[in-house]
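Below is one structure, written out as C-alpha coordinates, with a few remarks after it.
The values are calculated or read from the model by the stated rules, or taken from the named source; none is laboratory data. Just so it is clear, the model here is predicted, and its values are computed rather than measured. A quick note on method: Cβ atoms are made from the backbone with ideal geometry, for glycine too, and the neighbour counts reach across all protein chains shown. Just so you know, the surface numbers come from the protein's heavy atoms only, side chains and all, with ligands and any DNA or RNA stripped out. Shrake-Rupley method; radii C 1.70, N 1.55, O 1.52, S 1.80 Å.
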Amino acid sequence: MANELTIPLLPCPSIDEIAAFYEMLGFEVTHRQTRPNPYVAVRREDINLHFFGMEGYDPAQSYSTCLVIVEDTSELFEAFAAGMRAVHGKLLVSGIPRMTRPRVRNDRYTGFSVVDPGGNWIRINKAVKEPEARTVLAKAMENAARQADARGDERQGLKILEGALKRATGDEPEFQAAQEFRDELVERIKGV
(Lines give C-alpha, C1' and ligand atoms only; values in the text may rest on other atoms or scores of the structure.)
Protein backbone atom coordinates (compact mmCIF):
# COMPACT_ATOMS: atom_id res chain seq x y z
CA MET A 1 0.00 0.00 0.00
CA ALA A 2 1.04 3.60 -0.46
CA ASN A 3 -0.16 7.07 0.50
CA GLU A 4 -1.45 6.02 3.90
CA LEU A 5 -2.41 8.80 6.30
CA THR A 6 -2.00 8.52 10.06
CA ILE A 7 -3.59 11.11 12.33
CA PRO A 8 -3.19 11.00 16.12
CA LEU A 9 -6.30 11.20 18.28
CA LEU A 10 -5.31 12.92 21.54
CA PRO A 11 -7.27 13.53 24.77
CA CYS A 12 -8.16 16.91 26.21
CA PRO A 13 -10.46 18.31 28.89
CA SER A 14 -12.02 20.90 26.54
CA ILE A 15 -12.23 20.86 22.75
CA ASP A 16 -12.98 24.60 22.78
CA GLU A 17 -9.74 25.38 24.65
CA ILE A 18 -7.77 23.08 22.33
CA ALA A 19 -9.31 24.65 19.21
CA ALA A 20 -8.48 28.18 20.42
CA PHE A 21 -4.91 27.17 21.26
CA TYR A 22 -4.21 25.63 17.87
CA GLU A 23 -5.92 28.50 16.03
CA MET A 24 -3.46 30.79 17.85
CA LEU A 25 -0.65 28.67 16.31
CA GLY A 26 -2.09 29.11 12.80
CA PHE A 27 -4.15 25.91 12.52
CA GLU A 28 -7.69 25.86 11.18
CA VAL A 29 -10.53 23.85 12.67
CA THR A 30 -11.60 21.32 10.04
CA HIS A 31 -14.22 19.47 12.10
CA ARG A 32 -16.02 20.06 15.39
CA GLN A 33 -18.53 17.79 17.09
CA THR A 34 -20.13 18.25 20.49
CA ARG A 35 -22.54 15.27 20.51
CA PRO A 36 -22.56 12.42 21.16
CA ASN A 37 -18.86 12.89 22.03
CA PRO A 38 -16.77 16.09 21.98
CA TYR A 39 -14.30 15.96 19.09
CA VAL A 40 -12.29 18.55 17.18
CA ALA A 41 -9.88 18.28 14.25
CA VAL A 42 -7.28 20.93 13.36
CA ARG A 43 -4.95 21.28 10.40
CA ARG A 44 -2.02 23.46 9.40
CA GLU A 45 -0.76 22.59 5.92
CA ASP A 46 -0.07 18.81 6.15
CA ILE A 47 -0.13 18.63 9.97
CA ASN A 48 -3.42 17.09 11.13
CA LEU A 49 -4.25 16.65 14.81
CA HIS A 50 -7.54 15.34 16.22
CA PHE A 51 -8.70 15.60 19.82
CA PHE A 52 -11.46 14.04 21.88
CA GLY A 53 -12.88 15.65 25.00
CA MET A 54 -12.64 13.61 28.17
CA GLU A 55 -14.50 14.69 31.29
CA GLY A 56 -12.24 14.86 34.36
CA TYR A 57 -9.08 14.59 32.26
CA ASP A 58 -6.01 16.08 34.01
CA PRO A 59 -3.51 17.59 31.51
CA ALA A 60 -0.72 17.49 34.12
CA GLN A 61 -1.00 13.68 34.15
CA SER A 62 -0.89 13.30 30.35
CA TYR A 63 1.43 10.83 28.65
CA SER A 64 0.14 11.66 25.17
CA THR A 65 2.64 12.67 22.53
CA CYS A 66 2.86 13.07 18.80
CA LEU A 67 5.90 13.39 16.56
CA VAL A 68 5.80 15.79 13.60
CA ILE A 69 8.67 15.59 11.12
CA VAL A 70 9.28 18.74 9.05
CA GLU A 71 11.89 20.00 6.62
CA ASP A 72 12.55 23.24 8.52
CA THR A 73 11.81 23.59 12.22
CA SER A 74 12.77 27.28 12.36
CA GLU A 75 9.93 28.44 10.09
CA LEU A 76 7.30 26.57 12.07
CA PHE A 77 8.75 27.67 15.42
CA GLU A 78 8.78 31.33 14.37
CA ALA A 79 5.15 31.10 13.17
CA PHE A 80 4.02 29.42 16.40
CA ALA A 81 5.97 31.92 18.51
CA ALA A 82 4.44 34.88 16.63
CA GLY A 83 0.95 33.53 17.27
CA MET A 84 1.69 32.97 20.95
CA ARG A 85 3.16 36.45 21.34
CA ALA A 86 0.19 38.04 19.57
CA VAL A 87 -2.26 36.44 22.01
CA HIS A 88 -0.22 36.30 25.24
CA GLY A 89 2.39 39.01 24.70
CA LYS A 90 5.18 36.48 25.22
CA LEU A 91 6.34 32.98 24.49
CA LEU A 92 4.85 30.59 27.05
CA VAL A 93 7.83 28.55 28.33
CA SER A 94 6.46 27.11 31.58
CA GLY A 95 3.28 25.50 32.79
CA ILE A 96 0.55 24.13 30.54
CA PRO A 97 0.34 25.19 27.74
CA ARG A 98 3.94 25.96 26.77
CA MET A 99 6.48 25.69 23.99
CA THR A 100 10.16 24.87 24.23
CA ARG A 101 12.64 26.91 22.25
CA PRO A 102 14.68 25.09 19.63
CA ARG A 103 18.38 25.11 20.34
CA VAL A 104 20.64 26.64 17.72
CA ARG A 105 23.39 24.21 16.81
CA ASN A 106 25.77 24.57 13.87
CA ASP A 107 23.88 27.71 12.79
CA ARG A 108 20.51 25.98 12.48
CA TYR A 109 17.59 25.15 14.72
CA THR A 110 17.07 21.74 16.29
CA GLY A 111 13.61 20.45 17.18
CA PHE A 112 11.16 21.90 19.69
CA SER A 113 8.04 20.81 21.55
CA VAL A 114 4.59 22.25 22.07
CA VAL A 115 2.66 21.19 25.17
CA ASP A 116 -0.98 22.04 24.49
CA PRO A 117 -3.79 22.74 27.02
CA GLY A 118 -4.53 19.00 27.12
CA GLY A 119 -0.96 18.25 28.25
CA ASN A 120 -0.20 16.58 24.90
CA TRP A 121 3.42 16.89 23.75
CA ILE A 122 3.64 17.73 20.04
CA ARG A 123 7.31 17.17 19.19
CA ILE A 124 8.52 18.97 16.06
CA ASN A 125 11.73 17.51 14.59
CA LYS A 126 13.78 17.76 11.42
CA ALA A 127 13.63 15.04 8.81
CA VAL A 128 17.43 14.69 8.85
CA LYS A 129 19.70 13.43 11.61
CA GLU A 130 21.46 16.18 13.51
CA PRO A 131 25.26 16.15 13.59
CA GLU A 132 26.78 14.90 16.80
CA ALA A 133 27.85 17.43 19.41
CA ARG A 134 31.61 17.97 19.40
CA THR A 135 32.36 19.74 22.69
CA VAL A 136 31.65 18.75 26.29
CA LEU A 137 29.38 21.78 26.70
CA ALA A 138 27.47 20.97 23.49
CA LYS A 139 26.93 17.40 24.71
CA ALA A 140 25.71 18.72 28.06
CA MET A 141 23.26 21.03 26.27
CA GLU A 142 21.91 18.06 24.31
CA ASN A 143 21.52 16.01 27.48
CA ALA A 144 19.88 18.92 29.30
CA ALA A 145 17.46 19.46 26.40
CA ARG A 146 16.68 15.75 26.33
CA GLN A 147 15.80 15.85 30.05
CA ALA A 148 14.01 19.21 30.11
CA ASP A 149 12.39 19.44 26.69
CA ALA A 150 11.79 15.82 25.78
CA ARG A 151 11.09 14.32 29.22
CA GLY A 152 9.72 17.41 30.95
CA ASP A 153 12.27 17.16 33.77
CA GLU A 154 13.50 20.76 33.92
CA ARG A 155 15.28 20.24 37.24
CA GLN A 156 17.44 17.43 35.89
CA GLY A 157 18.17 19.44 32.73
CA LEU A 158 19.23 22.41 34.88
CA LYS A 159 21.45 20.20 37.04
CA ILE A 160 23.24 18.85 33.94
CA LEU A 161 23.66 22.31 32.44
CA GLU A 162 24.87 24.00 35.62
CA GLY A 163 27.46 21.26 36.14
CA ALA A 164 28.77 21.72 32.60
CA LEU A 165 28.82 25.52 32.89
CA LYS A 166 30.90 25.29 36.08
CA ARG A 167 33.51 23.28 34.17
CA ALA A 168 33.33 25.47 31.04
CA THR A 169 36.10 27.94 30.19
CA GLY A 170 33.78 30.54 28.68
CA ASP A 171 35.36 30.48 25.24
CA GLU A 172 33.28 27.55 23.90
CA PRO A 173 31.19 28.54 20.85
CA GLU A 174 27.97 27.51 22.61
CA PHE A 175 28.76 29.15 25.98
CA GLN A 176 26.29 32.03 25.51
CA ALA A 177 23.54 29.68 24.29
CA ALA A 178 24.16 27.40 27.29
CA GLN A 179 23.78 30.35 29.69
CA GLU A 180 20.55 31.42 27.96
CA PHE A 181 19.22 27.86 28.15
CA ARG A 182 20.11 27.74 31.88
CA ASP A 183 18.22 31.01 32.46
CA GLU A 184 15.22 29.65 30.56
CA LEU A 185 15.20 26.48 32.66
CA VAL A 186 15.29 28.53 35.85
CA GLU A 187 12.31 30.54 34.56
CA ARG A 188 10.45 27.37 33.60
CA ILE A 189 10.99 25.84 37.04
CA LYS A 190 9.74 29.00 38.77
CA GLY A 191 6.64 29.04 36.53
CA VAL A 192 5.63 25.45 37.26
Checklist entry - Would you pick out the residues in the stretch 140-173 that are of a type in the set (Lys, Arg) and modelled with pLDDT of 85 or more? => result Arg155, Lys159, Lys166, Arg167
Checklist entry - From Ala41, Ala79, which residue is open to solvent by less than 40 Å² (accessible area, probe 1.4 Å) and in contact with a Ser or Thr (Cβ under 7 Å, 6 or more places away or on another chain)? => result Ala41
Checklist entry - If only one of Val115, Val68, Val87 is open to solvent by less than 10 Å² (accessible area, probe 1.4 Å), modelled with pLDDT of 90 or more and not polar (S, T, N, Q), which one is it? => result Val115
Checklist entry - For the stretch 27-38, which residues satisfy the criterion of being touching a strand residue (DSSP E or B) at 6+ places or on another chain (Cβ under 9 Å) and open to solvent by 30 Å² or more (accessible area, probe 1.4 Å)? => result Glu28, Val29, Thr30, His31, Arg32, Gln33, Thr34, Asn37, Pro38
Item to check | Filtered residue count, the stretch 6-19, keeping only those that are more than 17 Å from the chain's Cα centre (by Cα), assigned to a loop (DSSP other than H, G, I, E, B) and touching a residue at least 24 places away in the same chain (Cβ under 8 Å) | outcome: 3
Next on the checklist: Can you report the number of residues in the stretch 90-105 which are more than 15 Å from Lys190 (Cα to Cα) and either open to solvent by 40 Å² or more (accessible area, probe 1.4 Å) or part of a helix (DSSP H, G or I) (or both)?
Outcome noted: 4
Checklist entry - Looking at the stretch 140-158, which of its residues are exposed (fewer than 15 other Cβ atoms within 10 Å of the Cβ) and assigned to a helix (DSSP H, G or I)? => result Arg146, Arg155
Checklist entry - Which condition does Gln176 not pass, out of (1) in contact with a Lys or Arg (Cβ under 6 Å, 6 or more places away or on another chain); (2) at pLDDT 85 or above, if it passes all the others? => result (1)
